Every structure is written in structure tokens, then in C-alpha cells.
Amino acid sequence: MMAASSTPAKPASAASPATAQSLLAFDFGSRRVGVATGTRFSGTGQPLRSIQQEGEARFEAIARLIQEWQPDALVIGVPFHPDGAEHEITLRARKFGRQLKSRFRLPVYEVDERYTSVEAESQGARDIDAASAALILEQFFREHP
């Protein structure tokens, strides 16, 4: 297994939201984490897969994806209640983002991901979590042209 520390480190200032060219996006969930990749050139997200593992195994799987895709930055979806209020998963998603930043030394950007799973499901996605991550990434590109 590959340890997270074997991933090449990049300084946190390596990419601003507007200059990050290659990104990995995550749709955080307590049981699964959907992952997508995309480039600023295409402006679209491509679903990769869902990570089913928990704990350290989850971060080892993420380390392998970071090694393979070499992103400039990471994007996480942060869920909120419809009225914008935070809830337990909001706090857990933000903690996940802080863990990604400290483990992989890449910039981590948050995107409000309300309703991405509903949208992915309505589009007939086979892997709803990975498709949601792609929608999160596309929203990031729209917000940071």
C-alpha cells in the first residue's frame, strides 16, 4: 500500500482557484466518497469512481488517485440544509477537506453541493457519488473562471 506521505508534495500556494489547471473533486459521504477529475481547459468533470473504504484505507485510495492524476488542487463538496444552515455532514466534510490539505499539501477548495446527488440521479448516473463529484467540479469551474 502506498502511504500518503509518498505523494509528491506541492506547496499550498501552488494554485489559486483561477489558476489550478487540473483538479480532483470529492463528494464526501460517511460511507462513500465520489471522485471526479477535470481540467480547466475542458471545464467539465469526469466521474472516476467511488471510494468505499473508510479510515486510513480511504486516504490510501485517495493517495493513489493523486499519484495517478497529479492534480494542482482538490475540490470538496460541502453540503448545507436548503436554508443554508450547516449540519453534521457539513462539519464532517470540512474536516475531510482539512485532512486532505494536511496530508497531500495541495490547495483544497469548497463548493456548496446542495442537490448534486439529486441531479446526478436524475441524469441516470450509475455511480451517483462519482457523478456528483463531477457536478461539484463543474460548479467550481463556473464559480472560478
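Only the coordinates and a few stated rules stand behind these numbers; no lab work does. The structure presented is a predicted model; accordingly, all values stated were derived computationally and were not measured. Cβ: placed from backbone, ideal geometry, glycine included. Neighbour counts: every protein chain shown.
Things worth noting here:
- Considering all C-alpha pairs of the chain, those separated by over 27 Å amount to 13%.
- Within the chain, longest stretch free of exposed GluC sites (Glu not before Pro) [DSSP loop, at most 13 other beta carbons within 10 Å]: 87-145
- Sorted fewest first by neighbouring Cβ atoms within 10 angstrom, VAL35, VAL75, VAL108, VAL118 come out as VAL118, VAL108, VAL35, VAL75.
- Sites THR19 and GLU110, calculated FRET efficiency, Cβ-Cβ separation with R0 25 Å, nearest 0.05: 0.90
- Each helix, a run of at least 4 DSSP H residues, gives -39500 (n - 2.57); summed and divided by the residues of the chain, these come to -12000 deg cm²/dmol at 222 nm.
- Rounded, prolate or oblate (a/c below 1.5 giving rounded, otherwise prolate when a/b exceeds b/c) for the stretch 84-132 by Cα gyration tensor: oblate
- Along the chain, longest interval not containing exposed chymotrypsin sites (Phe, Trp or Tyr not before Pro), exposed being DSSP loop plus at most 15 other Cβ atoms within 10 Å: 1-40
- Counting only DSSP beta bridges whose two residues both lie in the chain, roughly 55 percent are antiparallel.
- Each part reduced to its alpha carbon centroid, the stretch 43-72 and the stretch 81-133 end up 14 Å apart.
- Distant-in-sequence amide H partners of GLU113 (H built 1.01 Å from N, under 5 Å): VAL78, PHE80
- Cut-off 10 Å between beta-carbons: net charge of the residues surrounding GLN52, Lys and Arg +1, Asp and Glu -1: +2
- Once the C-beta distance of ARG92 and ARG64 is scaled by a Förster radius of 25 Å, the resulting FRET efficiency is 0.65 to the nearest 0.05.
- Signed unit charges on C-beta, dipole axis of the stretch 21-143, positive-most listed residue GLY55, SER42, ILE89: GLY55
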